[in-house]
Amino acid sequence: MRAVLSKAPGGPESLVVEEVMDPTPGPGEVVIEVKAVGVNYPDALIIADKYQFKPERPFAPGAEVAGVVDAVGEGVKGVFRGDRVVAVPGWGGMVERLKVKADSLIPIPDGMDYETAAAFIMTYGTSYYALKDRANLQPGETLLVLGAAGGVGAAAVELGKAMGARVVAAASTNDKVEFALELGADNGLIYPSGPMDKAAQKALSGEFKLSTGRDGADVVFDGVGGDYAEPALRAMDWNGRYLVVGFPAGIPSLPLNLTLLKSVSVVGVFWGAAIARDPAAHAANMAELMQLYSEGRIKPRVSRTFPLERAHEAIQALSDRTAVGKIVVKVED
């Protein structure tokens, strides 16, 4: 079978496509015929050895896949050949066939295609865990989303509205802000691209405050980091919750005196570890997300697809922060 492999640390250009042995399921395992792979920011980090996990090489990137069960191992119950499923292996997904634990599979609902399914779990799972379990977002509160047109940001916009919040979407271009407004954001603003000095950060904080209202944001969903973090923190309301989700613009240094003055909580969001620690809570969240999807209240927007041979281009497009919505790699036989 074909596989996209990382053989040495590097950028997307370091990936190669090679033929490897087909997997065989062991006890409690299944093999999925992969149809689509969601592309996420950790894919760029993991091939560069900058992620929390460092798999033994060679390995394939690809944290979430959608496909069809092709083979079932000994002792597997309730999963059958031909079932349409989603899996979130963390890495290894950019292959034609993937071996995973049977009890980790999530059925794909009727009416959901493979590209949508591959774009669903990580972004909505992360954002729902952040907003529901870490921030306890309440109806009527104000949510400021940084990076509102990316995968997790767009999901946060939709989920914030579904949870009854007033959502302010912030992104780097007018097109991205317009996209977030189409997703349901109540207000939006364009922030500067690139590094900012203190004066520019102060001005941006004023824009955040103007957009979120007199009292500021109750919850900040920060999937960007860098120089955008402190302005967002300064624009928060009393007892606000600042969600640390990702750092494509760099890891920020926050002035902790602001958290004291505003009684703000800075809250880490590590969805992958949360799944391992509390599988039951994860399963409950997935059921709630699937219900929201079936009601038409959330839906991934897949903006671009790439074939397996061009997976490196898909990851590069995400790394360049030019993507709007989700990017998916399609696996064709």
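The values are calculated or read from the model by the stated rules, or taken from the named source; none is laboratory data. Predicted, not measured: the structure shown is a model, and the values here were computed from it. Virtual Cβ from ideal backbone geometry, glycine too; neighbours counted across all protein chains shown. Only protein heavy atoms, including side chains, enter the accessible area calculation; ligands, DNA and RNA are left aside. Shrake-Rupley method; radii C 1.70, N 1.55, O 1.52, S 1.80 Å.
Give me the tail of P(r) for region 248-315 as a percent: Cα-Cα pairs with distance above 16 Å.
Beyond 16 Å sits 74 percent of the P(r) for region 248-315.
If the reach is capped at under 17 angstrom between alpha carbons, list the lysines near LYS7, excluding any in the same chain fewer than eight residues apart.
Excluding near neighbours in sequence, the set is LYS50, LYS54.
Give me the Kirkwood hydrodynamic radius of region 98-175 in Å, from all C-alpha pairs, to one decimal place?
The answer is 13.9 Å.
Need one number: % antiparallel among DSSP beta bridges in the chain, to the nearest 5.
Around 50 percent antiparallel, to the nearest 5.
What translational D, rounded to a whole number of µm²/s, comes out for region 45-139 from Stokes-Einstein when the hydrodynamic radius is the Kirkwood one over Cα pairs, at 20 °C and 1.002 mPa s?
In µm²/s, the coefficient rounds to 143.
How large is the Kirkwood hydrodynamic radius of region 198-330, in angstrom, based on all distinct alpha carbon pairs?
Kirkwood hydrodynamic radius for region 198-330: 17.4 Å.
Which of TYR41, TYR124, TYR293 moves most in a GNM of the chain, Cα contacts under 10 Å?
Comparing TYR41, TYR124, TYR293 in the GNM, the peak value goes to TYR293.
Can you tell me the equivalent ellipsoid semi-axes for region 24-91? Use √(5λ) from the Cα gyration tensor, largest first, whole Å.
On the way: eigenvalues 134, 37, 14 Å².
Whole-Å semi-axes of the equivalent ellipsoid: 26, 14, 8.
How big is the Kirkwood radius of region 167-251, worked out from every pair of different alpha carbons and given in Å to one decimal?
On the way: mean 1/r = 0.0776 Å⁻¹.
Kirkwood hydrodynamic radius for region 167-251: 12.9 Å.
What ranking do 13-21, 228-236, 315-323 get when scored by the average of other Cβ atoms within 10 Å per residue, highest first?
Ranking the peptides 13-21, 228-236, 315-323 by packing returns 228-236, 315-323, 13-21.
If you restrict to DSSP beta bridges whose two residues both lie in region 73-206, what percentage is antiparallel, to the nearest 5?
In region 73-206, approximately 20 percent of DSSP beta bridges are antiparallel ones.
Using a 1.4 Å probe, what is the accessible area per residue for region 108-172, in Å²?
It amounts to 25 Å² per residue over region 108-172.
Can you tell me the Rg and the Dmax, both Å, for the Cα atoms in the chain?
In order Rg, Dmax, the Cα atoms of the chain give 19.9, 63 Å.
Kindly provide log₁₀ I(q)/I(0) values, in the same order as q = 0.28 Å⁻¹, from the Debye equation applied to equal alpha-carbon scatterers of region 293-333.
Values returned for q = 0.28 Å⁻¹ are -0.91.
Which whole-number percent gives the relative contact order of region 189-333, counting Cα pairs below 8 Å spaced six or more residues apart?
Relative contact order of region 189-333: 15 percent.
Can you list residues from other chains, or at least 5 along the same chain, whose modelled amide H is less than 5 Å from the amide H of ALA48?
So ALA48 has HN proximity to GLY10.
Step through the residues of region 48-60 one at a time and calculate ³J(HN,Hα) from phi using the Karplus curve (6.51 cos²θ - 1.76 cosθ + 1.60, θ = phi - 60°), rounding each to whole Hz and writing x for Gly and Pro.
Calculated HN-Hα couplings, in order: 9, 6, 10, 9, 5, 10, 10, x, 5, 8, x, 9, 9 Hz.
Output needed: percent of Cα pairs per 10 Å distance bin for region 101-141, bins running from 0 to the one holding the longest distance.
23, 39, 29, 9, 0
Based on the mean of other beta carbon atoms within 10 Å per residue, what is the order of 238-246, 23-31, 252-260, most packed first?
238-246, 23-31, 252-260
If I take every Cα pair under 8 Å that is 6 or more residues apart in region 161-241, average their sequence separation and divide by the length, what percent do I get for the relative contact order?
Values: 104 pairs, mean separation 19.5, N = 81.
Averaging sequence separation for qualifying contacts and normalising by length gives 24 percent for region 161-241.
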